[in-house]
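K.L.:
The following block contains the structure, expressed as structure tokens.
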Amino acid sequence: MSNAAALTASSFDEKITNSTGVCLVDFWASWCGPCMMLAPVIDELAAEFSGRAEVYKVNVDEESALAAKFGIMSIPTVIVFRNGEIFEKSLGVVPKDSLSAIIEKALK
């Protein structure tokens, strides 16, 4: 079971757009090899930042309109939001330290 909660189009506004904190959203698909490589990192970040930042996953096959809204052209794409606004995007498989640094920067 993932530490990151799944987001849908119907829950996105409540959890992200109306958020007053920092949220990381991983746009992924089950058939995507690089997404599967990044999944354990996303789970670790969810556990490490628990109580400080929220971590979510969006399955682009199930939520294609949401992926289109944010111009997701390749996956995995990770977007960090601060106070409901895009703070920074990361494309592809990146080291955990890189994503941690983005979250830490957004928390400041």
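The values are calculated or read from the model by the stated rules, or taken from the named source; none is laboratory data. Remember, it's a predicted structure, so these values are computed and weren't measured experimentally. Note that each Cβ is placed from the backbone with ideal geometry, even for glycine, and that neighbours are counted across all protein chains shown. We work out accessible area using only protein heavy atoms, side chains counted, and drop any ligands, DNA or RNA first. Shrake-Rupley method; radii C 1.70, N 1.55, O 1.52, S 1.80 Å.
K.L.:
Consider the range 82-100. How many of its residues are in contact with a strand residue (DSSP E or B) (Cβ under 9 Å, 6 or more places away or on another chain), of a type outside the set (A, V, I, L, M), open to solvent by less than 40 Å² (accessible area, probe 1.4 Å) and not in a loop (DSSP other than H, G, I, E, B)?
P.N.:
Residues flagged as in contact with a strand residue (DSSP E or B) (Cβ under 9 Å, 6 or more places away or on another chain), of a type outside the set (A, V, I, L, M), open to solvent by less than 40 Å² (accessible area, probe 1.4 Å) and not in a loop (DSSP other than H, G, I, E, B) within the range 82-100 amount to 1.
K.L.:
Quick one: what pairs do we get from the range 4-24, first residue more than 17 Å from Ile86 (Cβ to Cβ), second polar (S, T, N, Q) and surrounded by 12 or more Cβ atoms within 10 Å (Cβ to Cβ), C-beta under 8 Å, 6+ apart or different chains?
P.N.:
Going by the 8 Å Cβ cut-off, the qualifying pairs are Ala6/Asn59.
K.L.:
Can you go through Ile79, Ile16 and tell me which one is under 21 Å from Lys96 (Cβ atoms), open to solvent by less than 50 Å² (accessible area, probe 1.4 Å) and out of contact with any His (no Cβ under 9 Å at 6 or more places or on another chain)?
P.N.:
Ile79
K.L.:
Output the number of residues of the range 49-66 satisfying the condition of being under 20 Å from Leu99 (Cα atoms), outside any loop (DSSP other than H, G, I, E, B) and open to solvent by less than 60 Å² (accessible area, probe 1.4 Å).
P.N.:
Residues that pass the stated criteria total 6.
K.L.:
Moving on to the next point. Somewhere in the range 23-40, is a residue open to solvent by 20 Å² or more (accessible area, probe 1.4 Å), in a loop (DSSP other than H, G, I, E, B) and of a type outside the set (S, T, N, Q)?
P.N.:
Yes, the range 23-40 contains at least one residue that is open to solvent by 20 Å² or more (accessible area, probe 1.4 Å), in a loop (DSSP other than H, G, I, E, B) and of a type outside the set (S, T, N, Q).
K.L.:
If you check Ser64, Ser74, Ser98, which single one turns out to be hydroxyl-bearing (Ser, Thr, Tyr) and either in contact with a His (Cβ under 7 Å, 6 or more places away or on another chain) or touching a residue at least 12 places away in the same chain (Cβ under 8 Å) (or both)?
P.N.:
Going through Ser64, Ser74, Ser98 in turn, the sole match is Ser74.
K.L.:
Then there's this: Considering only residues that are in a loop (DSSP other than H, G, I, E, B) and surrounded by fewer than 20 Cβ atoms within 10 Å (Cβ to Cβ), which ones fall in the range 67-76?
P.N.:
Within the range 67-76, Phe70, Gly71, Met73, Ser74 meet the criteria.
K.L.:
Please go through (1) in contact (Cβ under 8 Å) with a residue 40 or more places away in the chain; (2) in contact with an Asp or Glu (Cβ under 8 Å, 6 or more places away or on another chain) for Phe81 and return the number of the only condition it doesn't satisfy.
P.N.:
Every condition holds for Phe81 apart from (2).
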